[in-house]
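A short worksheet on the structure shown next.
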Amino acid sequence: MSNANIPGPLTVYRRRAMASDFEVSFNENTTENGADAALTALDEVDRFESILSVFRPQSDVSRLNLLGAEMNIRVCPELLHALLLCRTLWEETDGAFDITASPLWELWGFARKEGNVPLPEKIAETLLHVGMQPVNIREDLSVVTFDHPDVKISFGGIGKGLALDAATELMERTGAANFLIHGGKSSVVARGGRSGDYCDSGKNRRTCWTIGLASPKQPDQRLAEIHLRNTSLATSGSQYQFFRYRGQRLAHILNPQTGLPAQGLLSTTVIATSAAITDALSTAFFILGIEGTQKYCDKHPEVTAILLKEAKTIKGYEIVSFNANTNVVQFL
């Protein structure tokens, strides 16, 4: 990649949704109808929040959580697709990604931002109703039921990605070809490239969107530059939501198998075609750790993972990556 890259100016559209700032960026001097495309995309994010948010009593998910153990609940196509995808990801990650694990998050106090260590018997009791087994999905009828009233689902680990994928599809229908859309800077979709920003050299020279991967210890320091073109990226980390207990650092990313905070990693970054998949896998890999992530990536060569492992070094971490194409990921 040439060091002479000079990225061009951008026009940015922003809206608050899903407790994050969503932004759509276009090249400033473009013939694409950026305003209409961006508003269409941001409206779609709002629509997905009205379907998926557990914080909205009238949402489709809130209704399913309230009545799913009492009767058959017919769900909209968007929620049906989301549930089927989540079930597949739950199976592929051996339960590391689990939309039924939110009761654990509430038990540990992270939902109230008041971290506390629950009693082992409370964890064991909650784990009885964690897992996708009691979530019955009749795809042919678009009907969902729960086997137990304590089963609850939450799309907190994949909702932004689902919304970004849907928004991206609508933008492409408007003819937009070069844009970057992100939710809270942790979930990103790139299409085409930014003017003046190149990810290849020689005959393959083409534009891309360059994203910086920051150090979890020093956020103003870049560990790598990631060059995205027609792909998605998501990052999960424990640097912001955690509390300390008896000298131990306990983060908000909980293992659905044990009910305990995941240990060993500082952050996980995933690159794949779908924002929903990168969102989910960035959480799953945090729980699976190095060996589990390698096993997944060996089976899915189209998925790139960059893990920051806690280490007793001067920096305090080590970088471990799988399927990292040097044209896409450049470590600094």
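Some values worked out for this structure:
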quantity	calculated
Ellipticity estimate at 222 nm from DSSP helix runs (n ≥ 4, -39,500 (n - 2.57)) divided over the chain, nearest 500	-9500 deg cm²/dmol
Residue with peak Gaussian network fluctuation, the chain [Cα springs, cutoff 10 Å], from ILE181, ILE226, ILE211	ILE211
Anchor LYS185: lysines whose Cα lies under 18 Å away (excluding residues fewer than 8 positions away in-chain)	LYS160, LYS217
Whole-number percent relative contact order across the stretch 7-70, with pairs defined as alpha carbons under 8 Å at least 6 apart	22
About the Cα centre, charge dipole magnitude for the chain (Lys/Arg +1, Asp/Glu -1 at Cβ), debye	980
Eligible lysines near LYS152 by straight Cα distance, threshold 17 Å, same-chain separation 8 or greater	LYS122
Karplus-derived 3J(HN,Hα), 6.51/-1.76/1.60, for each residue of the stretch 309-315, Hz, glycine and proline x	9, 4, 8, 8, 10, 4, 6
Unpartnered cysteines - no second Cys beta carbon under 4.7 Å - across the chain	CYS76, CYS86, CYS297
The chain: relative contact order in percent, alpha carbon pairs under 8 Å with at least 6 residues between	18
Selection from SER25, THR126, LEU84 lying farthest towards where the dipole of the stretch 16-155 points positive, charges on Cβ	THR126
FRET E, pair ILE319, ARG205, Förster distance 30 Å, beta-carbon r, rounded to 0.05	0.65
Shape of the stretch 290-332, Cα gyration tensor, a/c cut at 1.5	oblate
Net length gained if the chain between SER142 and LYS309 were fully extended (0.36 nm per residue, minus Cα distance)	56.0 nm
Shape of the stretch 138-225, Cα gyration tensor, a/c cut at 1.5	oblate
Lys, Arg +1 and Asp, Glu -1 on Cβ, resulting dipole of the stretch 88-158 about Cα centre, debye, nearest 20	340
Charged-residue dipole, Cβ positions (Lys, Arg, Asp, Glu), the stretch 1-136 about Cα centre, Debye nearest 20	320
Relative contact order (%) - criterion: Cα under 8 Å, at least six apart; region: the stretch 79-216	15
Reported label for calculated P(r) over Cα pairs in 20 Å bins from 0, in percent given (1) 30, 58, 12, 0; (2) 20, 45, 32, 3; (3) 31, 52, 17, 0	(1)
Label-point separation, LEU170 to ARG74 (7 Å along Cα→Cβ), nm	2.4
Carbon + sulfur, % of accessible area of the chain - ligands and nucleic acids excluded, 1.4 Å	49
Per residue accessible area in Å² of the chain, where ligands, DNA and RNA are left out and the probe is 1.4 Å	49
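The values are calculated or read from the model by the stated rules, or taken from the named source; none is laboratory data. Nothing here was measured: the structure is a model prediction, and the numbers come from that model. All Cβ positions, even for glycine, are placed from backbone atoms using ideal geometry, and neighbour counts span all protein chains on display. For the accessible areas, the whole protein counts, side chains as well, though only heavy atoms, and no ligand, DNA or RNA atoms are used. Shrake-Rupley method; radii C 1.70, N 1.55, O 1.52, S 1.80 Å.
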